[in-house]
Structures are given as C-alpha cells and as structure tokens.
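Rule-based calculations on the coordinates, nothing more; no lab input. Bear in mind the structure is a predicted one, so any value in this text is a computation, not a measurement. Backbone-built Cβ (ideal geometry, glycine too); neighbour counts: all protein chains shown.
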Amino acid sequence: MSDRPNTPLLDQVNGPEDLKQFSDPQLRQVADELRSETISAVSETGGHLGAGLGVVELTTAIHAVFDAPKDRLIWDVGHQCYPHKILTGRRDRIRTLRQADGLSGFTKRSESPFDPFGAAHSSTSISAALGFAVARDLGGAPEHGLGDAIAVIGDGSMSAGMAYEAMNNAGHLKKRLFVILNDNEMSIAPPVGAMSAYLSKLYAGEPFQELKSAAKSAISLLPEPFQDGAKRAKDMVKHMTVGGTLFEQLGFSYIGPIDGHDMDQLLNVLRTVKDRATGPMLIHVITKKGKGYAPAEEASDKYHGVAKFDVVSGKQKKAPSNAPSYTSVFAQSLIKEAEKDTKIAAITAAMPDGTGLDKFAARFPNRTFDVGIAEQHAVTFAAGLAAGGIKPFCALYSTFLQRGYDQVVHDVAIQRLPVRFAIDRAGLVGADGATHAGSFDIGYLSNLPGFVVMAAADEAELVHMVATAVAIDDRPSAFRFPRGEGVGIDLPEHGVPIEIGKGRMIAEGARVALLSFGTRLQECEKAAELLARKGITPTIADARFAKPLDEALIMDLVKNHEALITIEEGAVGGFGSHVMQFLSDQGVFDKGLKFRSMVLPDTFIDQNSPKAMYDVAGMNAPQIEAKVLEVLGISQIGAATA
C-alpha cells in the first residue's frame, strides 16, 4: 500500500453521487488523483492504459454532471473504462482487472448497473444509446429508471459505418441524446481515412490555445434558449470559425471542439447541454491519449495495451520470450513471400501492430492498406483487389472478422475470389475474455462452398500455410493461428506450399486415433505421454485442413482404429462436425466406429490465462486423456492395469 498514490478526495468517492459534493476546483483534484490511481492499478495488472488516461477529466465531468446509473453512460469499445470503474464503486477491485474472477477489461452488464451496455468491439455506442433514448420515451422502466443516454465514441470508432447509420437514424428520430466525440487522433493505431482528415481540419488551422479561447467564447453563448436547435448550433460553429456541418446534416446539434482536459470547459458545456438540449447533440472533445503519464505520451501507441510496468520508469515487465510469436512469424513469412511476388498486398483494419502488418508496411508501404475500424470494407476492398489481379492478404483477428461475415459470403465466397484471410487470435485468448475469443471462424468459414480453411499446429506449419495461401489463386482461403508464442521449434527458411486438403501423420499407435486441427496438437502429444503410462498408445494426426478434408487420411484412421476423436479450438459446427458428416455419408457408424468430437463448450468462457481457459473448456492434455479412456470404456481407477 505504501507505493500507492495519495488520494484524499478520491478516497471519499464510493459512487458518482459523491462527486456532487465537490466544488469545481476539487473536481479537478479528483481527476488528478483518478489519473494517479489508474496508472498505479494498471502497473500491477497490465491492460489498456493510454485510452483511459485520455478521458480522466471527461469521465470525472460526466459523472459529476449526469446521474448514472439512471442516466445511461455507454463507452464505445470500453478500452477507456478503467477510470469509470474506479468512480462507480469498483475501486476496491480495480487491481483484479483482466484476471480470473476479476473485473473485466471492458464494460460488462453483469458486473455493475453502471455498465448499462457491454462493449469490447467498436462503433456500437450510438446505436445502443439511441435504443435507450427510445426506450425511455416509450416508457421502458428498468430497475434504475431511464434518464439521459450518453455515448462516448472515439474518432477511430467513427470510421465504421455503423456509427453513421446510428447517427442518421438518431437525427431522423430527433430524440434527446448526447454523443461525445472523443477526438484523440488515435484509435489503436493512428486513425486513417477521410473522417480523421475531416476532424483534423476542424482545428488544424488554429493554434490549440486559440481554439480553447474560441470554445470558451461559444460556451458563453450556450445559456441562451435552444429553441432554434440546429440553427443555434450552426451559428455557434460559424462564430467559432470551425465546422460541424457533417454532423448537422445528420441531424445533430454540434458544439466544439473543446479541450477535453480543461475541467472548466467540460463542466460548463455538459451542464448547459444537460439543462437545455431537446434533441440529439454532438459534443466534440479533443483529448490526448496517455495524457498525464510521460512514458505513455511518448510511446508510439500511447501505451494502448501494456504488461505490468514500473510506474517511475514506465518499463514494462514482460516475461522473456522462448519463441517468436505466431503473429511475428506470419508477418515475416508474408514479407518473404512478397519479396518474391510483387502482386501480394496486405490489408488490416486499424490493427497493424496487432496483426504484425506494421513490419510488412515498413518493408512495403505501397502494398499495405490500413482501412481503419472498418472490417466490412476491408473484406470487400480485398475482394476488389483480388478481382483486379492482386493477391490480397486480409489480416484480421478471428473475433473481428465476424463483423465482415456478410461480405465474406457475398463479395468473396459466391464470386470465388482468391482473398487470403490471415486469422489471428484463433481460439481462447486470455485476459480479453469472451469478447475477443476466436471461437467461431472454423464453423462460419467451413460452411462456405469452395473455401479452403487451414489451421497451423505450430509456427513452422504457419510458414508453410502462408506459402500455401499465396499459391491458391482460384478460390478464397483462410489460415488461423493463436495469440502468443509458438512452440519453439526451428523455422524453415522459406515456406513450401502444402498439398490442398492433405493432413499429416504425427505418431502411429493402436485402438484410438486423435485427429487434431490446430495447436491442440501439442496437448494431444502430452496426452499420449500420460496414456503411455497406462499402456495405451494412440495414433496422432494433424488434419491441417478443415476444408477440404483429407478424406483418405480419415478413412485410414477409421479402418485401423476402433475409435476416432477430433480436437479443435473452435465451437460446435466446425471441423469435427464436418468429419462426422463425412463419416456418416460413408456409413462407418453402422460398422461400430466410436467417434467423439472435442470442441469449445456451448458457453462464453470468462477471462483467465489461456491454459486455465482451456481447462475450463476441457481441452488440455488431462481432459484429452480422460476422453480416450472414456471412449475405450476404461475407468480411471483401472486404467493403470489396462
């Protein structure tokens, strides 16, 4: 406790209502203490730091002015919600962030009434806030009642079309609604596209201090009645010599930009709009990601996501790496392929660092495209590139590709375009929990006609699968790989294309065959070691492909074993389901084959270490061993003499 910051005013805050007792100067002190507490907590847990530091003053001001949980505060994505959690009765648990049985790193409805809407993906906040506003006016009455709806959305999240769909609808309905545009010029990566350019133009022409003065002048106009609605907003914008025209055309009254670290501005604006707004209002706030902590401000990613770190130096306490990450292996492999093939291009959606494409961009800047937080566009853009004769690699997290599924079906699969999907964060991912788990891509891609779906069992296989994807030029393909380090095996100098639909035999045994798809292969090998102590030697095979299946390998396993077990890091409906369908069509179940499929359970698994999450899922070596014994009809008690 001695290393924790001194926070005399924050210590008096058990909930947002306690902020009402403070004067404005005291609220500024609360914000300073809140920043120190956030830094201290994340130094112990790791997590998303920079985004939260950027909204400390904004969070304090919102909770001081509005009346949560009656007023519904919705944070887009949720990366920035740690200060919010501290102010809403969860300070005593803030050092359990992203840990087993601890606080979520995002907003979560089941965690607190102050989290009215869960979020971990971007651009949903305005739609949800509009839903709350309409529910209020229709007489909906959850236990806390319904007051105002406030959405806080970043400029990066505003690059997704869903935000504009929501704003267009909100402007049409004319419901009282507050959208706070947190313009920090940076989402996870520096934002790209016309929206960021538009926002930049709002203040690029004037020194920031002059804009602060202009905003304060506009504040002096606000107490006058708002009867003219949009006209008043337009007049204010004109007097400020900056433009909110785009937002006004969508039906919003606009005010801004204002300094998101100036408590006087924030409190004045929020109090005024709360008292006088009658329809949808957009408040444009300029903030600085990582504000108030020098190591974060100076870092290229503003400490977006950090491991545990030393508060004084900012140095992160990362465990030594024993092997390269799957992400870096993918990136280096793609670079090597692109050096040989000038038609290879790479697309990401605001995640160049997370997907490893920052390395590719450094080598091939003209062949790298970061489209912003716009996965649907990324997929169709890649389809256009493919139709135009380029070899696009669309690198997305499994859980983010879900957002572009309609485009995968209609724009890629139906047209049989050779888009290559590099699916990172496949399977269970750890501290980010269920919202970021790559649980469903095997099923939703393997169901599409003509798709080639691969999973790398180790980092060497990943190198070969990148080369395989390059060679597939007549249909769409995907290869998946997990978060974190590889197995630690030697890597080939260059990838060699794998025969499409061809698995590989790992170890030959008797009675039962384990057919793995993905990195559970290592757990199968560990399970075999456990079974060897009981006199059982299973056959182990690596499927490599969920589609097309290696039918010859599967039939060979069936012919020579009494039982077959498939193992995959995905939900029901994936690889195992396709194997079972194939075997059913072959009539092998009529001949007495014992078949089991080990998949992720039909539940969302909460945050923990990946190993612990796979324990919960029942897919680590001891559970695979138990499944073998069960299918062979051998009890654990008698297994030692079996």
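Near the amide H of residue 107, within less than 5 Å, lie the amide hydrogens of 119, all on another chain or at least 5 residues away, with H placed in the peptide plane.
If you place +1 on the Cβ of every Lys and Arg and -1 on the Cβ of every Asp and Glu, how big does the dipole about the Cα centre of the range 396-466 come out, in debye to the nearest 20? Kindly include the intermediate steps, with their values, before the conclusion.
Details: 4 positive and 8 negative charges, 47 e Å.
Rounded to the nearest 20 debye, it is 220 debye.
For the range 295-407, the alpha-carbon coordinates run over 52, 31, 25 Å along the three principal axes, in decreasing order.
Sort the following peptides by mean Cβ neighbour count (other Cβ atoms within 10 Å, averaged over residues), highest first: 40-48, 423-431, 336-344. Intermediate values should be presented prior to the final figure.
Working: 40-48: 22.0, 423-431: 25.3, 336-344: 15.2.
Ranked from most to least packed, the peptides come out as 423-431, 40-48, 336-344.
Remark on the range 10-144: hydrodynamic radius 15.2 angstrom, per the Kirkwood mean of 1/r across alpha carbon pairs. Only aspartates and glutamates eight or more places from residue 175 in sequence, or on another chain, were considered; those with a Cα closer than 19 Å are 67, 71, 137, 148, 165, 228, 248, 275.
Annotation: the antiparallel percentage among DSSP beta bridges lying fully within the chain is about 15. Close amide-amide hydrogen proximity is noted between residue 180 and 151, 152, 153, 283, each under 5 Å apart and 5 or more residues distant or on a separate chain (H modeled in the peptide plane; Pro and chain starts excluded). Neighbour counts of other Cβ atoms within 10 Å put 117, 517, 252 in the fewest-to-most order 117, 252, 517. Applied to the range 104-118, the Karplus parametrisation 6.51 cos²θ - 1.76 cosθ + 1.60 on θ = phi - 60° returns per-residue 3J(HN,Hα) values of 5, x, 10, 6, 8, 4, 6, 8, 6, x, 7, 10, x, 8, x Hz, with x for Gly and Pro.
For q values of 0.11 Å⁻¹, compute log₁₀ I(q)/I(0) with the Debye formula on a Cα-only model of the range 504-641, without solvent. Results for the range 504-641 at q = 0.11 Å⁻¹ read -0.37.
Computed about the Cα centre, the dipole magnitude for the range 326-480 is approximately 300 debye when only Lys and Arg (+1) and Asp and Glu (-1) carry charge, each at its Cβ.
The angle between the Cα long axis of helix 24-45 and the longest principal axis of the Cα atoms of the chain comes to about 10 degrees, rounded to the nearest 10.
Tell me the net charge near residue 574. Cut-off is 12 Å between Cβ atoms, residue 574 excluded, with +1 for each Lys or Arg and -1 for each Asp or Glu. Value of the local net charge: -1.
Most exposed first by the Cβ proxy, i.e. fewest other Cβ within 10 Å, how do 90, 511 rank? Mind dumping the intermediate values first?
Details: 90 19, 511 16.
Going from sparsest to densest Cβ surroundings: 511, 90.
Cα convex hull, the chain: 176 Å³ per residue, rounded to a whole number. When both the range 437-507 and the range 1-57 are represented by their alpha-carbon centers, they are found 46 Å apart. Where does helix 56-65 land angle-wise versus the long Cα axis of the chain, in degrees 0 to 90, nearest 10? The angle comes out at about 60 degrees. Rounded to the nearest 10 degrees, the inclination of helix 459-471 to the longest alpha-carbon principal axis of the chain is 80 degrees. Between 472, 454, 64, the Cα set farthest toward the positive side of the dipole of the chain (charges on each charged residue's Cβ, about the Cα centre) is that of 64. Once all Cα-Cα distances of the range 326-480 are split into 10 Å bins that start at 0, what whole-number percent is in each one? Calculated over all Cα pairs of the range 326-480, the distribution is 12, 47, 37, 4, 0 percent.
Counting DSSP beta bridges in the range 376-506, what percent are antiparallel, to the nearest 5?
On the way: 1 of 14 bridges.
Restricted to the range 376-506, the bridges split so that about 5 percent are antiparallel.
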